[in-house]
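Accompanying notes for the structure given below.
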Amino acid sequence: MFGSLFRRNTSQKLSALLLIFGFIWGLLLLRYTFQHPKHQNSAELREQILELSKRYVRALAEENQNAIDGPHGASMAGYADLKRTIAVLLDDILQRLGKLENKVEYMITSGLTNNTNSTNSNPASAAANKQMNVQEFSALCGLTSIDGFPHCEGKIKWMNDMWKSEACYANNGVNGSVCSFIAYLSEVENFCPMLPVRIKQIAADDALKPKAKVVTSLDGLLEILAAREELVWIKLRLERMKEKWITDMKALAKKWNLENRPKKKILLHLGLLTKESGFKIAENVFKGGPLGELVQWSDLIASVYLLGHNLMLSTSVDELKWYLSNLTGNKDGCPIRGPKLLDLIYIDIVGLKQLRTVLGASFTHYQCLLRVLDSFGTEPEFNHAEYAKKKNHGSPWGKLNLIPKQFYNMFPHTPDNSFLGFVVEQHFNSNNITLPNKIPRTNKALVYGKLADYWKDKISFLDIVRKYAEIHGTFHNERNVVLPEYINNHGILSGHDLHLLLRGTKVFVGLGFPYEGPAPLEAIANGCIFLNVNFNPPKSRKNTNFFQGKPTFRELSSQHPYAEVYIGKPHVWTVNIDNPSDVEEALRQIMEQKVDPYLPYEFTSEGMLERINAFIEKQDFCRQKEIWPPMSALAVKMAKPSQSCVEVCQREQLICEPAFFYHLNKEAELKRYGIYCNSLKRENDLYLPAFNSQNQMCLLQSDYLLFSCAGSHEHYSRICPCRDYVKGQVAICQDCFKSEEYN
């Protein structure tokens, strides 16, 4: 099993290690067999043996897991020495211990019922009740509801007929009872809610896992990145920013208690950099190619590393297969049991398709671990495959059937998804962005657009800008594009030189494209005023080719909606560049103003570290055992017909929070908020839950993947879950950091 990972000269040491461990294991068993009489509770004896064994193994594992995983020779030399070999071996032992413990746990759980009644009279025995009522049997196992798990009932019924078809079901504790079905379907395949008896046990197990320790140097990560040509741009970015990253990591560690966090195994697969993608982004990254996605990946990698988690980087399909070999190598047709080989998988849309191919039928079992980098967002009506097909919503990136919050966006533009964000690079004022400028700022206008093709139909607009400022550019000069001679093109600049130019520039000029990039925030952070292009009518997939395939109907009111809405004047001026008088008036006022550099907290490295840490610790799409953000943040609002929850929450200076839909989607909960139903109906559509005031009918959501902040209906009033947020950190509510972990 481990042969390919070991050197021959370590085999004798490994044999010795195995003998030592076997001897210790034997002593543990003998010790507890003689110390405890036969009449002692078997569950207690099991817990004592397994707990002591796990503590012993975990102590060794923690000592030997302080390296970044990877299949590379020179850059991952740790895989060849005995220390990493022991870590791999101990990880396998932990999995086996977990499997043994879970199997015994299932036997005890099912035995609680089977010992009271015979198999034929046991009401929780599925085999004796072919016409089962799943809700009733679930209650017998301790579940009050299976809401939010739409496939649970069907899977239980399938298991009732097919649980003997694979040997692994019995190996994982399935014995024909509904309780054993639910235990398996909640912990192995993530189709059902977890049994209460198991939640406490798993929480106790989690408390014993190795702890993540804050890292205060990027040197180890930079060494890994340096060995990989496709990651050179990311390495150069982090080298420029490492002082600020380290300063902010230390500041966050003082701000919050980060000592009691479980160390998680996190795989990051950068599908856009794979040769299989055909994008050639790594080859074009220094020639003006797209950088937005690489900026996100760079800052996510740094955040995960500095927060102390076990980081695994993949930039090829072969590498992805290498990391997942243990998952795909399961021969009995069932997912692997025991401690998860992975806790999280960060991936992009391209990589997601590659992952589905690699995992095949096993993909379903691991999709709850996914966090998908998705710049422009994926709305529920595109994510839900059946609904998208019904509505004829074509998109090569949709129909993934994930929980919408699993999509991580570049900006907080759709509350149905999560806001990952990025870090705005700073060079000359790393400790305080409001320090006085040391570089003289003159009437320069730096145009936003790295390809000359963006400029060619904007000459009349640039002629107006020229009246007020010298026009500079940083674009890749294309032979077939002829531009006016008054344009001073610096070519593609390094990050340092670009920020040096921004420091001496008065206005950063948008051309209308690219949409929602990081550059305007970098310019504003350097003290420039951003001239933002207004779109009237707004641009969307309905009227703009660029958005035709995007899985969203979101409408962009300008080139950069975040800068327009969350920053605004005096740093951002949004104008219609097709109206010469509006452009001239804006430029006239801009040239008379002096503004300080400004950067929202959520786009600093400290803000991103804080946000990523909260997501890693609190977002749980597998067990879903608790609601996060906490319920104390909930504010229920009633929308008017044709009004979305995004709109009604924004009107109240709040944010729609889709995580609360599960809570609101019940008649009893609606009564608590003064909503009384004369009649009740369940449907599956984007505008639910909703209320008809004419007949006081309540409509509840029957498909949790269709919970949507964006949906609306002309005849029904939406019941909207809003929440507050921390100023400058919109992804986090005001009570989100009041839990024990952050005190």
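The values are calculated or read from the model by the stated rules, or taken from the named source; none is laboratory data. Only a predicted model underlies this, so the values are computations on that prediction, with no experimental measurement involved. Here the Cβ positions follow ideal geometry from the backbone for every residue, glycine too, while neighbour counts run over all protein chains shown.
Of all residues in the stretch 249-272, those satisfying the criterion of being part of a helix (DSSP H, G or I) and farther than 18 Å from Leu324 by Cβ are Met249, Lys250, Ala251, Leu252, Ala253, Lys254, Lys255, Leu272.
Which is touching a Phe, Trp or Tyr at 6+ places or on another chain (Cβ under 7 Å) and β-branched (Val, Ile, Thr), of Val295, Val214, Val232? Of Val295, Val214, Val232, the one residue that is touching a Phe, Trp or Tyr at 6+ places or on another chain (Cβ under 7 Å) and β-branched (Val, Ile, Thr) is Val295. Output the residues belonging to the stretch 248-291 that are among the hydrophobic types (A, V, I, L, M, F, W, C) and within 19 Å of Lys213 (Cβ to Cβ). Once the filter is applied, which keeps residues that are among the hydrophobic types (A, V, I, L, M, F, W, C) and within 19 Å of Lys213 (Cβ to Cβ), the stretch 248-291 yields Met249, Ala251, Leu252, Ala253, Trp256, Leu258, Ile266.
Inspect the stretch 437-457 for any residue being in the same structural domain as Glu516 (by TED's automatic domain parsing), surrounded by fewer than 20 Cβ atoms within 10 Å (Cβ to Cβ), at pLDDT 95 or above and part of a loop (DSSP other than H, G, I, E, B) and give the result as yes or no. No, every residue in the stretch 437-457 fails to be in the same structural domain as Glu516 (by TED's automatic domain parsing), surrounded by fewer than 20 Cβ atoms within 10 Å (Cβ to Cβ), at pLDDT 95 or above and part of a loop (DSSP other than H, G, I, E, B).
All conditions but one from (1) in contact with a Gly (Cβ under 8 Å, 6 or more places away or on another chain); (2) under 26 Å from Ser298 (Cα atoms); (3) not β-branched (Val, Ile, Thr) apply to Lys235; the one that does not is (1). Of all residues in the stretch 142-196, exactly one satisfies the criterion of being among the hydroxyl-bearing types (Ser, Thr, Tyr), closer than 19 Å to Glu626 by Cα and surrounded by 22 or more Cβ atoms within 10 Å (Cβ to Cβ), namely Ser186.
Here the condition is being outside the structural domain of Met410 (by TED's automatic domain parsing), at pLDDT 95 or above, assigned to a helix (DSSP H, G or I) and not β-branched (Val, Ile, Thr); of Cys709, Cys649, it holds for Cys649 alone. Applying a threshold of 8 Å to beta carbon distances and a minimum spacing of six or more residues, or different chains, the list of pairs starting in the stretch 352-375 at a residue that is in a strand (DSSP E or B) and ending at one that is charged (D, E, K, R) reads Val372/Asp348; Leu373/Glu293; Leu373/Asp348. Among the residues of the stretch 181-210, those identified as touching a residue at least 60 places away in the same chain (Cβ under 8 Å), farther than 27 Å from Asn401 by Cβ and part of a helix (DSSP H, G or I) are Val197, Gln201, Asp205.
Of the residues in the stretch 311-349, how many are of a type in the set (S, T, N, Q), at pLDDT below 95 and under 29 Å from Ser375 (Cβ atoms)? Number of matching residues: 0.
Restricting Pro520, Pro551, Pro537 to those that are in the same structural domain as Asp453 (by TED's automatic domain parsing), more than 24 Å from Asn383 (Cβ to Cβ) and surrounded by 20 or more Cβ atoms within 10 Å (Cβ to Cβ) reduces the list to Pro520. Among the residues of the stretch 712-734, those that are closer than 17 Å to Leu634 by Cβ and assigned to a strand (DSSP E or B) comprise Arg718, Ile719, Cys720, Pro721, Cys722, Arg723, Val726. A search for C-beta distances below 6 Å between a residue of the stretch 223-248 that is assigned by TED's automatic domain parsing to the domain that holds Leu294 and any residue that is of a type in the set (D, E, K, R) and assigned to a helix (DSSP H, G or I), counting only pairs 6+ apart in sequence or on different chains, returns Leu225/Lys235; Ala226/Lys235; Asp248/Glu606. The residues of the stretch 554-602 that are closer than 21 Å to Val726 by Cα and touching a residue at least 12 places away in the same chain (Cβ under 8 Å), listed by number, are Pro561, Tyr562, Ala563, Glu564, Tyr566, Ile567, Tyr598, Leu599, Pro600, Tyr601, Glu602.
Exactly one of (1) part of a helix (DSSP H, G or I); (2) over 25 Å from Thr364 (Cβ atoms) is unmet by Lys213. Its number? Tallying (1) part of a helix (DSSP H, G or I); (2) over 25 Å from Thr364 (Cβ atoms), Lys213 fails exactly one: (1).
For beta carbons closer than 8 Å, sequence separation of 6+ or different chains, a first residue in the stretch 632-660 that is touching a residue at least 12 places away in the same chain (Cβ under 8 Å) and a second that is part of a strand (DSSP E or B) and among the aromatic types (Phe, Trp, Tyr), the qualifying pairs are Met638/Phe691. Note on the stretch 289-320: residues that are among the small types (Gly, Ala, Ser) and touching a Gly at 6+ places or on another chain (Cβ under 9 Å) amount to 2. Could you say whether any residue in the stretch 485-495 is assigned to a strand (DSSP E or B), farther than 17 Å from His413 by Cα and polar (S, T, N, Q)? Yes: the stretch 485-495 contains one or more residues that are assigned to a strand (DSSP E or B), farther than 17 Å from His413 by Cα and polar (S, T, N, Q). A Cβ distance below 7 Å, combined with a sequence gap of six or more or placement on separate chains, defines the contacts here; from the stretch 391-403, residues that are not assigned by TED's automatic domain parsing to the domain that holds Asn190 reach residues that are of a type in the set (A, V, I, L, M, F, W, C) and assigned to a loop (DSSP other than H, G, I, E, B) in the pairs Ile403/Phe621.
Each residue in the stretch 257-275 was checked for being buried (at least 20 other Cβ atoms within 10 Å of the Cβ), over 19 Å from the mean Cα position of the chain (by Cα) and of a type outside the set (A, V, I, L, M, F, W, C), and 1 of them qualify.
Looking only at the stretch 681-710, count how many residues are surrounded by fewer than 22 Cβ atoms within 10 Å (Cβ to Cβ), under 23 Å from the mean Cα position of the chain (by Cα) and of a type outside the set (A, V, I, L, M). Number satisfying all stated conditions: 2.
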